[in-house]
Amino acid sequence: LVPLIYMVFLTLLLLFLALFPGAFNCCMKISDEIPKGILRRVEMFEIQKADGLCHLEAVILYIEGRKFCVSPRIRKVKIWMKKNKHKIPRRKRHGRKRRKIKNIKKKEKKR
């Protein structure tokens, strides 16, 4: 009976993680100040909305594999985001793009 309970719990946990992948990736605290040197080293950033699973508006800055959560209301951050729009990660397209296949016919030489 105990292994069955563990299997049900594990199945429900995996189902939850599959349905809500961002549930454990939300910023829970944000900083209201940020040193300018940090902004120079940012590799990419994301904007976290206060809807769905995340209950806090934040800008997530990625620096050397680490994540920093800052307030989107900081003036320095607003100005920096406008200048660095290229650092927003691109969303993956759903579905496959079909490639055009060119049929190249080889001419047979007559002998």
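Side notes on the structure shown:
- Mean projected area of the convex hull spanned by the Cα atoms of the stretch 19-89, taken over all viewing directions: 4.9 nm².
- At an R0 of 41 angstrom, the distance between the Cβ atoms of Glu33 and Leu12 translates into a FRET efficiency of 0.50.
Each value in this text was obtained by applying a stated rule to the coordinates, not by laboratory testing. This one's a predicted model, so the numbers in the text were calculated from it and none came from an experiment. Note that each Cβ is placed from the backbone with ideal geometry, even for glycine, and that neighbours are counted across all protein chains shown.
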